[in-house]
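Chemist: Got a structure here, written out as structure tokens. Questions coming.
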Amino acid sequence: QVQLVESGGGLVQPGESLRLSCAASGSIFSSAAVGWYRQAPGKQRELVARITRRGDTNYSDSVKGRFTISRDNAKNTVYLQMNSLKFEDTAVYYCNTVVWEVDYWGQGTQVTVSS
């Protein structure tokens, strides 16, 4: 059983930054890839960034160059550093991992970019 808890969301202005955290229970987390997803109102959930257990990363084109995903396995935590935020980054952000073919999601954290 893995529990994921996201934090760090909030209300920011365009161009500002936020860092999201995804804290996981269970040491197996360090052996799993982790993804950050987001879902805006009326839209499908989309993958934003992903990091493998080895630290390899990939990003959606919409955030490439602005967002950075990283992990601290000693803390069982994955981060999403979001810079140069835009209006269109407004969404609920979720972290996800798959362990032994079971899909785990956190409760999400709201990010709102507004002037």
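Chemist: Kindly indicate the residue of region 1-37 that is among the hydrophobic types (A, V, I, L, M, F, W, C) and assigned to a helix (DSSP H, G or I) and also surrounded by the fewest Cβ atoms within 10 Å (Cβ to Cβ) among those meeting that condition. Break it down into steps so the answer makes sense when it comes.
Modeler: Taking region 1-37 as the starting set, the residues that turn out to be among the hydrophobic types (A, V, I, L, M, F, W, C) are 2, 4-5, 11-12, 18, 20, 22-24, 28-29, 32-34, 36.
Now drop any that are not assigned to a helix (DSSP H, G or I), which leaves 28-29.
Details: Ile28: 14, Phe29: 24.
Among those residues, the one meeting the criterion is Ile28.
Chemist: Continuing with the same structure: Note down all Cβ pairs under 9 Å where the first residue falls in region 3-18 and is at positive phi, the second is assigned to a loop (DSSP other than H, G, I, E, B) and open to solvent by less than 30 Å² (accessible area, probe 1.4 Å), and they're at least six residues apart or on different chains.
Modeler: Gly15/Leu85
Chemist: Tell me which residues, restricted to region 44-67, are open to solvent by less than 70 Å² (accessible area, probe 1.4 Å) and either within 17 Å of Val111 (Cβ to Cβ) or among the hydroxyl-bearing types (Ser, Thr, Tyr) (or both).
Modeler: Listed by number, the residues that qualify are Leu47, Val48, Ala49, Thr52, Thr57, Tyr59, Ser60, Ser62, Val63, Arg66, Phe67.
Chemist: Now for a different question. Name, by its number, the condition in (1) out of contact with any helix residue (DSSP H, G or I) (no Cβ under 9 Å at 6 or more places or on another chain); (2) open to solvent by 30 Å² or more (accessible area, probe 1.4 Å); (3) modelled with pLDDT of 95 or more that does not hold for Tyr93.
Modeler: (2)
Chemist: Also, quick follow-up: Could you check region 44-78 and list, in sequence order, the residues that are touching a residue at least 24 places away in the same chain (Cβ under 8 Å) and more than 17 Å from Ser7 (Cβ to Cβ)?
Modeler: Arg45, Ile51, Ser62, Val63, Asn73
Chemist: Give region 68-90 a look and list any residue that's at negative phi, touching a strand residue (DSSP E or B) at 6+ places or on another chain (Cβ under 6 Å), surrounded by 14 or more Cβ atoms within 10 Å (Cβ to Cβ) and of a type outside the set (Val, Ile, Thr), or say none.
Modeler: Ser70, Arg71, Tyr79, Leu80, Gln81, Met82, Leu85, Asp89
Chemist: Give region 26-52 a look and list any residue that's over 16 Å from the mean Cα position of the chain (by Cα) and not aliphatic (A, V, I, L, M), or say none.
Modeler: Of the residues in region 26-52, the ones over 16 Å from the mean Cα position of the chain (by Cα) are 26-28, 31, 41-43.
Once the filter is applied, which keeps residues that are over 16 Å from the mean Cα position of the chain (by Cα) and not aliphatic (A, V, I, L, M), region 26-52 yields Gly26, Ser27, Ser31, Pro41, Gly42, Lys43.
The values are calculated or read from the model by the stated rules, or taken from the named source; none is laboratory data. This is a predicted model, so every value here is computed, not measured. As a convention, Cβ positions derive from the backbone with ideal geometry for all residues, glycine included, and neighbour counts pool all protein chains shown. Only protein heavy atoms, including side chains, enter the accessible area calculation; ligands, DNA and RNA are left aside. Shrake-Rupley method; radii C 1.70, N 1.55, O 1.52, S 1.80 Å.
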